[in-house]
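Enquirer: Mind having a look at this structure? Questions to follow.
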Amino acid sequence: MKHFAQQEKDFGQGSVCANILRLAVPMTLAQLINVLYNVVDRIYIGHIPNTSTDALTGIGLTLPVITIITAFANLFGMGGAPLFSIARGAKEPEKAGLIMGNSFSMLLLSGSILSVSCYIFKKPLLFLFGASDVTYPYASAYTSLYLLGTLFVMISLGMNNFINAQGFGITGMLTVSIGAVLNLILDPVFIFAFGMGIRGAAVATIISQGFSALWVLRFLTKSKTPVRLSVQTMALKPDLIKEITALGLSGFVMSITNSAVQIICNATLQRYGGDLYIGIMTVINSVREITTIPVTGLANGSQPVISFNYGARKYDRVKSAIKLTAAFSIVFTFITWALIFFFPHFIIRLFSSESSLLKEGIPALHLYFFGIFMMALQFSGQSAFVALGRSKHAIFFSLLRKAIIVIPLTLCLPAIAGLGTTGVFLAEPISNCIGGTACFTTMIITVWHQLNKEEENEKNADNS
C-alpha cells in the first residue's frame, strides 16, 4: 500500500497512460458532476409549468456571470497548479506550499470583489447580456442569490486543482461529487416542494457548493496531505503572484472570452430572434459543457503529468503524454459529433418539451456542433502550452479562437445574405476549424522541437 501511495504522487514512474488516466478519469467525473450544478438547475427550471421557456431563458442569461466567476477561479487555481507540480517534480516542497497559499489568498480576494461588483451592477449587466422585460425578473432572482456563494465556488473549484496536482484524483472527484449530489437532491425540494421556483435552484446550489468548499479545506489542511495549506503560506508574494497570474491567464482568457461570446451571442440572438433563441442557446451551452468534459478532463489530467516529468527532465514521457491526450481527444469528439447528429430530439427534450424550442433548436444544434473534433486540437495544444509554462502561446490561442474569430463572426454573419440567427450558430464551427488547426500545428512546431532538443542535450550530458 505504501508503494502504491507513493506511485500516485510520483508521475515520473510507471506507465504514462496509467498516470494520466489515474487523474483524468476522476477529474472527468468530477467536472461532469460539477457541470451538473448548473445543468440540473436548467433541466428542472425548463420543466416548471407555464413559465418554462421564460425561466430557462432567464437562467441562460446568468451564464456570463457564472463564467466570469469561473474565469477567476481558473486564473489562480489552474495558474498555480502547474507551477505547484513543477516545484514538486524539482523537489522543492516549500516553494510548492507558497504557490498554493498565494493562490488561495488571491481566490478569496478576487471572489470578494467579484460578488460585490456583480451585485451592484446586476441590472445593467443582465440587460447587456440580452435580458428583456419578461426574462429579467428570472435572471435577477437567480443571480442575486447565486452571488452569495461566490467564495464557495472560488475555493471548491480553484483549490481542487491542488488536490489533483498531488495525485489525489479520486479525492478531487469527491470534492464536487458531494456538492453535486446534494444539489441534485435539493433542487426539486426547493424548486417544487417549497414553491421557490428559480430562487430555489440558486439556494440549492449555494448550499451544495458550501459543502464542497468545506471538503477541499479539510483535505488540504490535513497533516497527512503531502503539501498542506497553511496560514504561513498565504502571505502574498508579488513574484509568485506574477508567475501564477501569467500561467493562469490562458484559462482565464478562455473563460472570459467564453463569457464575452455568450454575451454577444445572446444580444445578437435577442435582436434577430428574440427570447426563444436565447433559450435555444441555453440548451446548446448546456450540451457543449457536458460533451467537452471528457476532453477537458483528459487535458487537465495530463497537465500535472506533463509538468512533473518536464521538471524531472523526462522528456520522452512528456511527449508520450501529449500524444495520448491528442489521440483520445480527437476520437472522443468524433463520437460526440455522431451522437449529437443522430439524437438531437432526445437531447433537447431533456431541457424542454415545448414544440417551438424543439423545432428551431434541432437545426441550430446540428450547425453549432458541426466539426467539433477540430476543437479537440485546440484543447490538446492548449494543455501542452499550459503544462510547460508557455503562457504567451496559451493566451494567444485562447484569444484567437474566441475573441478574434467567434465574436467578429457572430456580429457580422447574421447581417450577411440574410443569415440572421443561423449566422450566430455558424460562427462556432468556423472558429473550431481555424483555431484548432493553428493551435495544434504551432504546438507541434515549437514544443515538439524544443523537447527533442532538450532530450538530445540530456543524453549528450549523460554520455560525457
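The values are calculated or read from the model by the stated rules, or taken from the named source; none is laboratory data. Owing to the predicted nature of the structure, the values given are computational and were not obtained by experimental measurement. Don't worry about glycine lacking a Cβ; one is built from the backbone with ideal geometry, like all the others, and counts go over all protein chains shown. All accessible areas refer to the heavy atoms of the entire protein, side chains included, with ligands and DNA or RNA removed. Shrake-Rupley method; radii C 1.70, N 1.55, O 1.52, S 1.80 Å.
Enquirer: When a/c reaches 1.5 or more, the comparison of a/b and b/c decides; with that in mind, is the range 148-293 rounded, prolate or oblate per its Cα gyration tensor?
Expert: It is oblate, given that a/c is not under 1.5 and a/b is not larger than b/c.
Enquirer: Just need the relative contact order of the chain here, percent rounded to a whole number, with Cα pairs under 8 Å and 6+ apart.
Expert: Result for the chain is 23 percent.
Enquirer: What part of the accessible area of the range 371-464, given as a whole %, is carbon or sulfur when the probe is 1.4 angstrom?
Expert: C and S fraction of accessible area: 65 percent.
Enquirer: Now for a different question. Can you tell me the orientation of helix 136-146 relative to the chain, as the angle in degrees between its alpha-carbon axis and the longest Cα principal axis, to the nearest 10?
Expert: Helix 136-146 and the main axis of the chain meet at about 30 degrees.
Enquirer: Once both axes come from the Cα atoms, what is the angle between helix 16-45 and the longest principal axis of the chain, in degrees from 0 to 90, rounded to 10?
Expert: The helix 16-45 is inclined about 20 degrees to the chain.
Enquirer: OK, next. How far, in degrees from 0 to 90, does helix 293-311 lean away from the longest principal axis of the Cα atoms of the chain, to the nearest 10?
Expert: It is inclined by approximately 20 degrees.
Enquirer: Under a straight-distance cross-link criterion of Cα-Cα below 14 Å, which aspartates and glutamates are reachable from K402, leaving out those fewer than 8 residues away in the same chain?
Expert: Of all the aspartates and glutamates, those that pass the test against K402 - Cα under 14 Å, at least 8 places apart if same chain - are E428.
Enquirer: Okay, next question. Checking the cross-link filter: which lysines have an alpha carbon closer than 21 Å to that of K237, excluding same-chain neighbours under 8 positions apart?
Expert: Excluding near neighbours in sequence, the set is K91, K95.
Enquirer: Let me ask another. Could you report the chain's accessible area per residue, 1.4 Å probe, as an integer in Å²?
Expert: Heavy-atom accessible area per residue stands at 40 Å².
Enquirer: Please tell me the relative contact order of the range 235-332 in percent, rounded to the nearest whole number, where contacts are Cα pairs under 8 Å and at least six residues apart.
Expert: Relative contact order comes out at 18 percent.
Enquirer: From the Cα gyration tensor of the range 339-426, with a ≥ b ≥ c the square roots of its eigenvalues, which class applies: rounded if a/c is under 1.5, or else prolate if a/b is larger than b/c, or else oblate?
Expert: It is oblate, given that a/c is not under 1.5 and a/b is not larger than b/c.
Enquirer: Let me ask something additional. Please work out whether the range 207-297 counts as rounded, prolate or oblate from its C-alpha gyration tensor, where a ≥ b ≥ c are the square roots of the eigenvalues and a/c under 1.5 means rounded, while otherwise a/b larger than b/c means prolate and anything else oblate?
Expert: Verdict is prolate for the range 207-297.
Enquirer: Right, something else. How large is ³J(HN,Hα), in whole Hz, for each residue of the range 392-406 in order, when computed from phi with the Karplus curve 6.51 cos²θ - 1.76 cosθ + 1.60 and θ = phi - 60°, using x for Gly and Pro?
Expert: Once θ is set to phi - 60°, the couplings for the range 392-406 become 5, 5, 4, 5, 4, 6, 5, 5, 4, 5, 9, 6, 8, 9, 5 Hz.
Enquirer: Further question on the same structure: Kirkwood hydrodynamic radius of the chain from all distinct Cα pairs, in Å?
Expert: 22.5 Å
Enquirer: Once phi is turned into ³J(HN,Hα) by the Karplus curve 6.51 cos²θ - 1.76 cosθ + 1.60 with θ = phi - 60°, what whole-Hz value does each residue of the range 200-210 show in order, with x for glycine and proline?
Expert: Values, residue by residue: x, 4, 5, 4, 4, 5, 4, 4, 5, 5, x Hz.
Enquirer: Further question: Any idea what the relative contact order of the range 351-461 is, in percent, if you count C-alpha pairs under 8 Å spaced at least 6 apart?
Expert: The normalised contact order for the range 351-461 reaches 35 percent.
Enquirer: Residue by residue through the range 91-102, which ³J(HN,Hα) values in whole Hz follow from phi under the Karplus form 6.51 cos²θ - 1.76 cosθ + 1.60 (θ = phi - 60°), with glycine and proline marked x?
Expert: So the Karplus estimates, Gly and Pro as x, are 6, 10, x, 5, 5, 4, x, 5, 4, 5, x, 5 Hz.
Enquirer: With a cap of 12 neighbouring Cβ atoms within 10 Å, and only residues DSSP puts in a loop, list the chymotrypsin sites (Phe, Trp or Tyr not before Pro) found in the range 46-142.
Expert: Those satisfying the criteria are F121.
Enquirer: Hey, which lysines would be in cross-link range of K323, C-alpha to C-alpha under 16 Å, not counting anything within fewer than 8 residues on its own chain?
Expert: K314
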